[in-house]
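The next block holds one structure in the form of structure tokens; read it before the comments.
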Amino acid sequence: MDDDLPDLIFSATPGAQSREARALRRDAAAGRLVRVRRGVYVPTEDCARLRPWRRHVVRVRAAVSALPADCVVSHGSAVAVHGLPSVQGDPRRVHVIDRRRATTQSTPVLVKHAVGLEDDEVEPVGGLLVTSEVRTAYDVARSSGFDDGVLCLDGVMRRRLMVAGRLPRTDEMRARTDDLRGELRLRFGAMADRTDGRRGELALERAVSFATPLSENGGESLVRVALHRLGAPPPILQEEFFDARGFVGRCDFFFAAFGLVLEFDGFGKYSDPRMLAGSSPAEVVRREKKREARLLATGRVRRVERCDIDDVLDPRRLAAIVRRGGVPLRPGRAQASWS
């Protein structure tokens with residue numbers, strides 16, 4: 001997972017005026033290097049090809065290199081290291097837990113949280129000590145807002161249901177969702193008893209109640225949150241459709257009462273070689289058109305609409321798409337801003 005990360009370049013000679021330090025600063029000024037933190041750089045070309053969350057992992061590695069070895073990467077930084085979905089993508093500050101501290105310390109680039117951790121709440125990831133996925137979800141859901149809490153919990157729930165890298169059938173995931181929420185609530189309750197008690201408890205419960213493993217990626221989680229804010233009725237997730245020829249497809253969101261299928265299209269669908277699997281973008285579009293025709297012919301679907309991340313980030317655009325499909329929204333919610 002970390003093979004794509006560039007090596008950190010350290011100024012090994014102490015002193016800001018050393019010849020080596022001056023040379024690194026010149027390279028940074030010329031655009032050949034990116035300064036990650038004082039005395040630590042990466043090649044600009046290598047950094048530019050990284051996605052935002054991977055750039056944050058580079059910053060995490062640079063920050064941890066100057067901290068005691070037992071500091072544990074946490075909160076939004078742990079989300080990035082684990083590769084879980086996040087609204088932030090590249091958090092502004094690196095977060096760690098320093099169990100020796102009595103109070104939390106914050107600077108513009110680093111937050112050292114003063115909380116306790118059990119041994120099973122810490123795991124090594126790519127040479128870093130990181131809070132476990134469950135502990136990370138607990139911290140994020142309590143402190144980072146509803147959106148990030150749901151995205152993180154959706155991702156953790158999906159991973160906990162995976163067997164040999166594959167998710168179970170949709171009906172099995174639906175059947176296991178409530179049990180999974182109950183398991184998380186028990187784990188989170190034990191964590192709360194050992195930490196800050198009721199602080200962030202309401203935010204945590206809201207996120208847990210809304211979270212589901214049926215969102216297949218962070219984009220679909222964002223769509224669910226946006227639809228909830230717009231006041232749309234809850235859609236069925238990953239509904240499967242069949243016709244006389246057999247299985248037609250599994251759709252992201254199905255508003256059964258209105259016959260609307262809403263599909264989320266990530267940008268990689270038409271450009272990522274792994275997702276294209278040897279097909280051209282035009283071939284993908286043709287297959288989608290044939291699939292849509294079969295969906296409409298089932299009699300259960302009256303309209304198929306699509307949205308992408310730009311629509312999700314603009315509530316008015318997403319509201320227009322949903323209303324076009326005949327789904328009512330609660331009055332006055334379409335103007336709600338994204339947060």
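The values are calculated or read from the model by the stated rules, or taken from the named source; none is laboratory data. From a predicted model like this one, the values you see are computed outputs, not experimental measurements. Backbone-built Cβ (ideal geometry, glycine too); neighbour counts: all protein chains shown. Ligands, DNA and RNA are stripped out before the accessible areas are found, and what is left, the full protein with its side chains, is counted by its heavy atoms. Shrake-Rupley method; radii C 1.70, N 1.55, O 1.52, S 1.80 Å.
Which condition number does T44 fail, the rest of (1) among the polar types (S, T, N, Q); (2) more than 23 Å from R160 (Cβ to Cβ); (3) open to solvent by less than 10 Å² (accessible area, probe 1.4 Å) being met?
Among (1) among the polar types (S, T, N, Q); (2) more than 23 Å from R160 (Cβ to Cβ); (3) open to solvent by less than 10 Å² (accessible area, probe 1.4 Å), T44 violates only (3).
Tell me the residue from V140, V208, V150 that is open to solvent by less than 70 Å² (accessible area, probe 1.4 Å), in contact with a Cys (Cβ under 9 Å, 6 or more places away or on another chain) and at pLDDT 90 or above, please.
Numbers: V208 fails: in contact with a Cys (Cβ under 9 Å, 6 or more places away or on another chain); V150 fails: in contact with a Cys (Cβ under 9 Å, 6 or more places away or on another chain).
Result: V140 is the single residue among V140, V208, V150 that is open to solvent by less than 70 Å² (accessible area, probe 1.4 Å), in contact with a Cys (Cβ under 9 Å, 6 or more places away or on another chain) and at pLDDT 90 or above.
E240: within 25 Å of T298 (Cα to Cα), touching a strand residue (DSSP E or B) at 6+ places or on another chain (Cβ under 6 Å) and open to solvent by 50 Å² or more (accessible area, probe 1.4 Å), yes or no?
yes
Looking at R181 and the list (1) surrounded by fewer than 14 Cβ atoms within 10 Å (Cβ to Cβ); (2) free of Cβ contacts under 8 Å to residues at least 40 places away in the same chain, which single condition is not satisfied?
(1)
So that you can scan it fast, the table gives a plain yes or no per residue for (1) at pLDDT 95 or above; (2) loosely packed, with under 14 Cβ neighbours inside 10 Å; (3) in contact with a Phe, Trp or Tyr (Cβ under 6 Å, 6 or more places away or on another chain); (4) not in a loop (DSSP other than H, G, I, E, B):
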residue	(1), (2), (3), (4)
K289	no, yes, no, yes
V301	yes, no, no, no
E305	yes, no, no, yes
V312	no, no, no, yes
R317	yes, no, no, yes
R323	yes, no, no, yes
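Taking segment 73-112 only, how many residues are buried (at least 24 other Cβ atoms within 10 Å of the Cβ), outside any helix (DSSP H, G or I) and hydrophobic (A, V, I, L, M, F, W, C)?
5
Could you please let me know if E172 is at pLDDT below 95 and surrounded by 14 or more Cβ atoms within 10 Å (Cβ to Cβ)?
No: the conditions fail for E172.
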